[in-house]
Every structure is written in C-alpha cells, then in structure tokens.
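Notes for the one structure printed next.
Values quoted throughout were computed directly from the atomic coordinates according to the rules given, and no laboratory measurement underlies them. Values in this document were obtained by computation on a predicted structure and should not be read as measured data.
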C-alpha cells in the first residue's frame, strides 16, 4: 500500500520516524484507513447512460482522459460486479423502476453519481414523463452539474467521491 500523506493527520510520531519505518518496509495504519484506501482504489462503475451525458461519460473512459488512472478502467455491464452507478442523462418514468432494480442488484457498499442537470433535477424537461431528480429513486452521493458535463467535471466528481469513500468509517 503506497504511503499517502493526508494534511492535518498526525500519527503521534515525528516525520523522521515515519520515513525510517517506510525505508524498513514497515507501515502501520488502522484497518479503517486500509479498507478505505482499498475501496477508493477499486471502484467499478456500472454503465447506465441514458442520453447525451453518456457520450461524455464514455469519453472520460477513453484514452484522452483515462479513468484507469484511478482504478476505474472496467465499466461493468453487470450490476452484480459494480459498486458505482453513474446515472448519465435524463431518467424517464418508465426507466425509473429499471434504475432502482439495477441499484438493488449492486453489492454493498455501493455509490451513485448523478451526472448532468437532467439526472440531477430533470433539466429542461419539466413534464410528466421525466423524473425530476434521480435522488427520488436512489440515494445520490455526488452530483456533477452541466448540460452535458465535460469529462473533466465527471473526473472531479469521481475524485470527490473517492475522497468521501476514503474518509468513511466502514466498520461502525
């Protein structure tokens, strides 16, 4: 596990003592921090692209932006193998039960990113056919604004989610 420096985190030892432990190959940490680091580095997103935001999501996984730098090179087609759902685009009333079923099939722990203004708040579609916010169907962890949001914004949302996952306490 690589050494990750977190600002404001004091371990009760001097930096020289910590560096000496690293040189010797000994690294001490809490189980919560190790599990948080492992979960952060191994998120597998489920493909759930519904509209134009899906094209931006796909380009974020392509060579120019390369989500594999953060351990997300595999967009899973099966919800049973994914722990992150990126809802990209508008959700119709007919698609809402399908979205919920896919979310329920994902293993715990699971996270959701709402990508684009249509998924977050219904966008310009204020009618009976479009769900006015995906958070009425599934709990959302991170909202990525924009119409459509650029791949850089999605990567910022993913990094925000990874920071949240890293600092969660998994065993309480």
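Here is the P(r) of the chain: all C-alpha pair distances, binned every 10 Å from 0, give 10, 35, 30, 16, 8, 2, 0 in whole percents. Just the number, please: percent antiparallel of the DSSP beta bridges in the chain, rounded to the nearest 5. If I count the DSSP bridges inside the chain, around 5 percent turn out antiparallel.
Against the chain, whose longest principal axis comes from its Cα atoms, helix 31-41 is set at around 50 degrees.
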